[in-house]
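Computed from the coordinates by the stated procedures, all read-outs in this text should not be read as laboratory data. As the structure is a prediction and not an experimental result, all values here were calculated from the model. Glycine gets a Cβ as well: all are built from the backbone with ideal geometry, and neighbour counts include every protein chain shown.
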Amino acid sequence: MTPLYAASIYWHFPILLAVVSLVYSAARHDRWDRILREAVRWCVQIVTFLGGIGIVLYVVSTYEVSNLVWALIAIPAALAVVGARWYRARLKRRAEAAKPASAATTS
């Protein structure tokens, strides 16, 4: 009988995820609060990305894939990418617009 801890090859994933996120965040920031905030953000992004890939692979492997299914997968994915790029550009424009106003009030 296989022991419980050896039943899955994915037991190392949470530890690896935490270590990679902390190392990447520590390379970018010096303060612990910023390191932890960035590490949590990275964990959420990685889990969301891998979970999305897992769902797509599950759907593709479980059901008979027709052109309609591919369209139902590709259209929301493309919309999500376009929406994320638009939102990031919007945030960047807001930050650039706020810089001169904050610089004028501090002078």
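General observations
- Neighbours of VAL40, meaning other residues whose beta-carbon lies under 12 angstrom from its beta-carbon, give a summed charge of +1 when Lys and Arg score +1 and Asp and Glu score -1.
- Longest to shortest principal axis, alpha-carbon extents of the chain, angstrom: 71, 42, 14
- Inter-site label distance for ARG41 and TYR58 at 7 Å from Cα along Cβ, in nm: 2.9 nm
- The chain: relative contact order as a whole-number percent, Cα under 8 Å and 6+ apart: 14 percent
- Rounded to the nearest 20, the size of the Cβ-charge dipole of the chain about its Cα centre is 660 debye, with Lys and Arg at +1 and Asp and Glu at -1.
- Across the options ALA97, LEU57, ALA71, the greatest Cα extent toward the positive end of the charge dipole of the chain (unit charges at beta carbon of Lys, Arg, Asp, Glu) belongs to ALA97.
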